[in-house]
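*Asks:* I'd like to ask you about the structure that follows.
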Amino acid sequence: MTRLSVPKTYKLYIGGAFPRSESGRTYPVTGPKGEFLAHAASASRKDSRDAVVAARAAQPGWVGASAYNRGQVLYRIAEMLEGRAQQFTDEILAQRGGRRTLAAAEVESAIDAWVWYAGWADKYAQVAGNANPVAGPYFTLSTPEPTGVVAVVAPQDSALLGLVCVVAPAIVSGNAVVAVAAESAPLSAISLAEVLATSDLPPGVVNILTGAPAQIAPWLASHADVNALDLTGAGSLEWVDLEVAAAETLTRVRRPEPGVPPLTLERITALTEVKTVWHPKSTR
Amino acid sequence: MGFLDYAPAPESASILSLRPEYGLFVDGEFVDGHGEPFVTISPATEERIAQVARADERDVDAAVAAARRAYERTWSRMSGTDRGKYLFRIARLVQERARELAVAESLDNGKPIRESRDVDIPLVAAWFFYYAGWADKLEYAGLGPRPRPLGVAAQVIPWNFPLLMAAWKIAPALAAGNTVVLKPAETTPLTALLLAEILQQADLPPGVVNILTGAGETGRTLVAHPGVDKVAFTGSTAVGRQIARAVAGTGRRLTLELGGKAANIVFDDAPLDEAVEGIVNGIFFNQGHVCCAGSRLLVQESIHDEVLDRLKRRLATLRLGDPLDKNTDIGAINSAEQLERIRELSAAGEQEGATRWSPECAIPDRGFWFAPTIFDGVTTSSRIAREEVFGPVLSVLTFRTLAEAVAKANNTPYGLSAGIWSEKGSRILAIADQLRAGVVWANTFNRFDPAAPFGGYKESGYGREGGRHGLHPYLSPSTLATPPAMIDTTGVTGSAATRASASARSAASGRGGKGNGK
């Protein structure tokens, strides 16, 4: 006699907790043949704002952690994901279909992406910053630091890897993130949240919203406490309107890109600000 | 004559040989504009300096077309070495004509000749010299092995440092291989037009730099022109917002250097003599027409009275008057419009309960003037603590603890600059980390150098000018993409069954450069 399985309730990930949407709304997630898999939460305006509040609260502590510490936390995420690779492969297959080897490769690539970005934590400032040889008796350094709270629309054609490839470069420098998951395959994103929640990542550093990006993204784009808007996965939305909304508070905007973005240092530095510090030199 | 009274020591305007009328500088030549010409005046005397052409849509079209031709046929094909040599030539010509440029700047802008002579013009030459050396070294700028120029850059600059802002914009753009259409501010077009003469003397190929004079409408037309690839603006946050909206969705790259409301934090262990000089330099340099001016003095409560006393004594020695006089510390306010804004905000400061103080100070009969002013007892919610005055007006607030100082300093939508005064190095470094500002001056203020990146956080804009970072807004990176992530998740092509094959494909497809964004 086969055992009756215990299906998971998929909810949002805000401030380290897994709340339902305050709107009480959900939508059905289906597999490639239209079969019902689960309900996902439809994040509302209120959920978006709660997520920004959680991100803002978490950001100073996260950037205040040492770069070595942040690197270890990102690496820990890779370790946790590795241990649950099977589950993630199954979940991608259920949502997307296709060959098992492809789904497994996506999970492996996601693990390796965490490892790659983990290593940058204590290096990116060395590569992207420098001393300034000014014409005077001053010690001056320019170093990148995180821009603050970043809202991200994850690639919509990828269940797991796309999300990892936009979130990891954002948080490695010390940003806190509110990510809008792929609408049609949100289950991997919420399972990733479970990995994040068990990887010593401080609550609120990553917040994940599921639902319709077209409905959620405008609230994030116009939010005055969002410092940067990464529209990588927003190519099919009315993204120009989002960029216009972001202009109101001079929010930094990264424009849409097709597919899953490659791993680049530029993805890290694009979400940082360069700070130049001067101090006089004197023998007195 | 008391010992603080100085005999006049005016710099002579006779070094200038200005023309009565100036056209637009398009495709290497001065041409007539199609708009209604306007007059630029000296803000110190309200006397006419010259008549200047106004560029309309047709002129913008012609200038952008000239810049495009120059980009495609000449500048983007030229070796970096040769581009650099042109920039070196410009730097040298600026040095050779430095005295003339300083006089012209003070005449047109109203700033003291001491500043235009010792700060503005030397920095202009330094800026061209610095970026000249980058032109043949772009592969070392940190953007991959073959960074590419963007094309035609539309650049709109303000009136507070007219020629210096032109240099900040033109030098990195040209070094990176772009061509330029520059619009100087309506009230300060003069030195940009003298720069056009210098560009002719340097034999810079026609169209590489085009200079369009005009007002806001000319600037709006330029930044919205479909023929430009890059927009760079320095000016108010309000206009920066409009430009960000106008550029949205066009794919054009944008850098903005906007307003500020810098905190200058003075701790009780600060070297007070230096700090007082730094406070004065921070807010009264260039009549406070400085986006990074230290306009909010945050002084630790225990030394508030002593700092204010010293500050008032120092302010009483500042000399306000003829910008061309070498003894002058405070020059003229740049325009009647700006003077009105300073008066309006100062009146608001009084209405909101702050205590206003200015030294005894004779104000000339003609021209636009505003005495150096301190507001004490300012609250964080007051307009003069929140809004950019852009004039010689200092708001004084107090704090008790380090945490309070940081919180108050960051309590602004701006984030351009900040100052810290303390003898305690560990405290300075800890606070520098916590300040949300692009430039932090510790035990100094208002230092600028072409090797040092400058630019804002938050609503003070984005992008950096100066240094290696100042090249990035004018280059498209040849991205170094790293393998593991490039599996094809759409499942349409190929197979990534093994990690090795996934890696190989991503290495192949990762080149070619992504990285738009700002």
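The values are calculated or read from the model by the stated rules, or taken from the named source; none is laboratory data. Since the model is a prediction, treat every value here as computed from it, not as a measurement. Positions of Cβ are generated from backbone atoms using ideal geometry, with glycine treated the same way; all protein chains shown enter the neighbour counts.
*Asks:* In the range B:429-450, what residues are over 22 Å from B:GLY235 (Cα atoms) and either more than 7 Å from chain A (Cβ to nearest Cβ) or touching a residue at least 60 places away in the same chain (Cβ under 8 Å) (or both)?
*Replies:* First, pick out the residues of the range B:429-450 that are over 22 Å from B:GLY235 (Cα atoms): B:429-435, B:442-444.
Those that are over 22 Å from B:GLY235 (Cα atoms) and either more than 7 Å from chain A (Cβ to nearest Cβ) or touching a residue at least 60 places away in the same chain (Cβ under 8 Å) (or both): B:LEU429, B:ALA430, B:ILE431, B:ASP433, B:GLN434, B:LEU435, B:ASN443, B:THR444.
*Asks:* Report yes if some residue within the range B:195-207 is more than 14 Å from chain A (Cβ to nearest Cβ) and either under 23 Å from B:HIS469 (Cβ atoms) or part of a strand (DSSP E or B) (or both); otherwise report no. Walk me through it before giving the result.
*Replies:* The first filter runs over the range B:195-207 and keeps only residues more than 14 Å from chain A (Cβ to nearest Cβ), leaving B:195-207.
Pick out the ones that are also either under 23 Å from B:HIS469 (Cβ atoms) or part of a strand (DSSP E or B) (or both) and you get none.
No.
*Asks:* Go over the candidates B:GLU36, B:GLU11 one by one and state the one that is without any contact (Cβ under 8 Å) to a residue 24 or more places away in the chain and out of contact with any Pro (no Cβ under 7 Å at 6 or more places or on another chain).
*Replies:* Numbers: B:GLU11 fails: without any contact (Cβ under 8 Å) to a residue 24 or more places away in the chain.
Result: B:GLU36 is the single residue among B:GLU36, B:GLU11 that is without any contact (Cβ under 8 Å) to a residue 24 or more places away in the chain and out of contact with any Pro (no Cβ under 7 Å at 6 or more places or on another chain).
*Asks:* Please verify whether the range A:95-111 includes one or more residues that are farther than 25 Å from A:ARG267 by Cα, more than 10 Å from chain B (Cβ to nearest Cβ) and either without any contact (Cβ under 8 Å) to a residue 12 or more places away in the chain or in contact with a Leu (Cβ under 8 Å, 6 or more places away or on another chain) (or both).
*Replies:* The answer is yes; a qualifying residue exists.
*Asks:* Let me ask something else about it. Return yes or no: is B:PHE284 closer than 27 Å to B:ARG117 by Cα and of a type in the set (A, V, I, L, M, F, W, C)? Please lay out each step first, then the result.
*Replies:* Details: closer than 27 Å to B:ARG117 by Cα: yes; of a type in the set (A, V, I, L, M, F, W, C): yes.
Yes; evaluated as a whole, the condition is true for this residue.
*Asks:* Is it true that some residue in the range B:65-78 is part of a helix (DSSP H, G or I) and over 30 Å from B:LYS137 (Cβ atoms)?
*Replies:* Step one: filter the range B:65-78 for residues part of a helix (DSSP H, G or I), giving B:65-75.
Narrowing further to those that are over 30 Å from B:LYS137 (Cβ atoms): B:65.
Checked against the condition, which is being part of a helix (DSSP H, G or I) and over 30 Å from B:LYS137 (Cβ atoms), the range B:65-78 yields at least one hit.
*Asks:* Let me ask something else. Taking the conditions exactly as written (touching an Asp or Glu at 6+ places or on another chain (Cβ under 9 Å) and surrounded by 20 or more Cβ atoms within 10 Å (Cβ to Cβ)), does B:GLY461 satisfy them or not?
*Replies:* Here the answer is yes, as B:GLY461 does meet what is asked.
*Asks:* Taking the range A:162-177 as the region of interest, how many residues are within 14 Å of A:ALA121 (Cα to Cα) and either of a type in the set (S, T, N, Q) or within 14 Å of another protein chain (Cβ to nearest Cβ) (or both)?
*Replies:* Selection size over the range A:162-177: 8.
*Asks:* Something else: Out of all the residues in the range B:92-122, which are surrounded by fewer than 22 Cβ atoms within 10 Å (Cβ to Cβ) and of a type outside the set (Lys, Arg)?
*Replies:* Taking the range B:92-122 first, the residues surrounded by fewer than 22 Cβ atoms within 10 Å (Cβ to Cβ) are B:92-93, B:95-100, B:114, B:117-119, B:122.
Within the range B:92-122, B:LEU93, B:GLN95, B:GLU96, B:ALA98, B:GLU100, B:ASP118, B:VAL119, B:PRO122 meet the criteria.
*Asks:* Go through (1) surrounded by 17 or more Cβ atoms within 10 Å (Cβ to Cβ); (2) in a helix (DSSP H, G or I); (3) of a type outside the set (S, T, N, Q) for B:ALA407 and report which single condition fails.
*Replies:* Checking B:ALA407 against (1) surrounded by 17 or more Cβ atoms within 10 Å (Cβ to Cβ); (2) in a helix (DSSP H, G or I); (3) of a type outside the set (S, T, N, Q), the one that fails is (1).
*Asks:* Let me ask something else about it. Taking B:LEU394 as meeting all but one of (1) in contact with a Ser or Thr (Cβ under 7 Å, 6 or more places away or on another chain); (2) part of a loop (DSSP other than H, G, I, E, B), write down the number of the exception.
*Replies:* Of the numbered conditions (1) in contact with a Ser or Thr (Cβ under 7 Å, 6 or more places away or on another chain); (2) part of a loop (DSSP other than H, G, I, E, B), the odd one out for B:LEU394 is (2).
Matching residues to (1) touching a helix residue (DSSP H, G or I) at 6+ places or on another chain (Cβ under 6 Å); (2) within 12 Å of chain B (Cβ to nearest Cβ); (3) within 27 Å of A:GLY16 (Cβ to Cβ):
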| site | (1), (2), (3) |
| --- | --- |
| A:LEU201 | yes, no, yes |
| A:ASN227 | no, yes, yes |
| A:ALA247 | yes, yes, no |
| A:ARG252 | no, yes, yes |
| A:PRO261 | yes, yes, yes |
| A:LEU265 | no, yes, no |
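*Asks:* Among what's in the range B:220-257 and is more than 17 Å from the chain's Cα centre (by Cα), over 20 Å from B:PRO149 (Cα atoms) and of a type in the set (Lys, Arg), pick the residue that is nearest to the other protein chains (Cβ to nearest Cβ).
*Replies:* B:ARG245
*Asks:* Might you check whether a residue that is in a strand (DSSP E or B), assigned by TED's automatic domain parsing to the domain that holds B:ILE279 and buried (at least 16 other Cβ atoms within 10 Å of the Cβ) occurs anywhere in the range B:331-346?
*Replies:* Scanning the range B:331-346 turns up no residue that is in a strand (DSSP E or B), assigned by TED's automatic domain parsing to the domain that holds B:ILE279 and buried (at least 16 other Cβ atoms within 10 Å of the Cβ).
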